[in-house]
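We did not get these values from a lab; they are worked out from the coordinates using the rules stated. Quick caveat: nothing in here was measured; it's all calculated off a predicted structure. All Cβ positions, glycine included, derive from the backbone under ideal geometry; neighbour counts span all protein chains shown.
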Amino acid sequence: MSGSVEPQTLQDRLDCLQELTEFTEKCKKQINDIFETLGWSPDYKDPNQEPMEQCPYDPGHRVPVRSMEKHKASCMLRKMGYSAEEQAEMYDPSVCYENCSVRSFIMDKSTQHQVILKARSAAPMMRMEGVFWQGQYSGQPVDVPQNHKRAICDLTVADRLALYDHVITVNQQKEAASSSNEDLYVDLVSKLQRDDEQNEPKTHLELMAEMRDYKRRRQSYRAKNVHITKKSYTEVIREVINVHSEELARQWKDEEDEDESTRSEHSSHKRLLEERRSASSESHHSRNRRHRSRERSHDRDGKKKKKKKERDSRSPDSRHHHDRKKKKKKKEEREKEK
């Protein structure tokens, strides 16, 4: 029974479509007859009407050209699911960085997905402590978040860290690429504004600036500068090398002078220390000699006084008594011998 119902349903649909087509053609024919009777044209355009464009996000939207950009931004956010309240809270941050050297980076959906996939492939497959593993990254591409709430909800912590590392790496690469040409512009304005009275050799940057200004001058004016126009490329390069050589020689001479001054200061300081040490040692020796001589003189005076006391202590009576004892002793010895 089901096989007999399906062809009948299909035939009914085809008949209905044929009827609608015929009705549409009949209506078009009536409208064209009316235009011919009134003398109107269906392609008539009002010259005062603004030109309209079709919205790329919604084919049913036709918007004036002057407001197309604003409509596209709003329509894109509406298609991504942002409500009117969320759109009202969004602000363009580019105003805050107009007078700053902050680099901007535009992330689209495909780039975001590629960065996350690259970080996921470099992550370990199993869960590890302190490291994001592959299960913590998003597997399906998601729209680029336009506010903080969507970034927290749509992207994982691992996804946000991978995007942050990618932006930092890109900025570092741009800075490295731009810093290679910075030596042509560093302090160039200040060096060109120096007084002409300073008789210093021109640096490589100043010579390049002169050559640049020379190329900008008129041909009639350049022809008068014979001392520049008649120089070959080899002569110009030779002058540049000479300037660099003189600058290096001057720097080396300054460094040698500084080393000499430091050595002379060190030697003079060392000489002063030695003189102070010798003076202090001599004064110490002289003090020791004076002390020893004072001690010797004191000892001599003490001995003299002692001898004098001994001589004074011996009176004439004691000496006479001592002589008599000696004589008596000798007399006794002679008697014993007899």
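How high is the FRET efficiency between residue 85 and residue 105 when r is their beta carbon distance and R₀ equals 41 Å, given to the nearest 0.05?
0.90
Taking 0.36 nm per residue of sequence separation and subtracting the Cα-Cα distance, how much length would be gained by fully extending the chain between residue 10 and residue 205, in nm to one decimal?
So the chain would gain 61.8 nm between residue 10 and residue 205.
Which of 28/79; 70/118; 79/109 have a Cα-Cα distance over 24 Å?
Violating the 24 Å Cα-Cα cut-off are 28/79; 70/118.
Report the one residue of 157, 126, 91 whose Cα lies farthest in the direction of the positive end of the charge dipole of segment 75-162 (charges on C-beta: Lys and Arg +1, Asp and Glu -1; origin at the Cα centre).
Positive-end residue among those listed: 126.
Modelling each spin label as a point 7 Å along the Cα-to-Cβ direction, I'd like the residue 160/residue 28 distance in nm, to one decimal.
5.6
Give me the distance in nm between label points sitting 7 Å out from Cα along the Cα-to-Cβ direction at residue 329 and residue 58, one decimal.
Result for the modelled spin labels: 15.5 nm.
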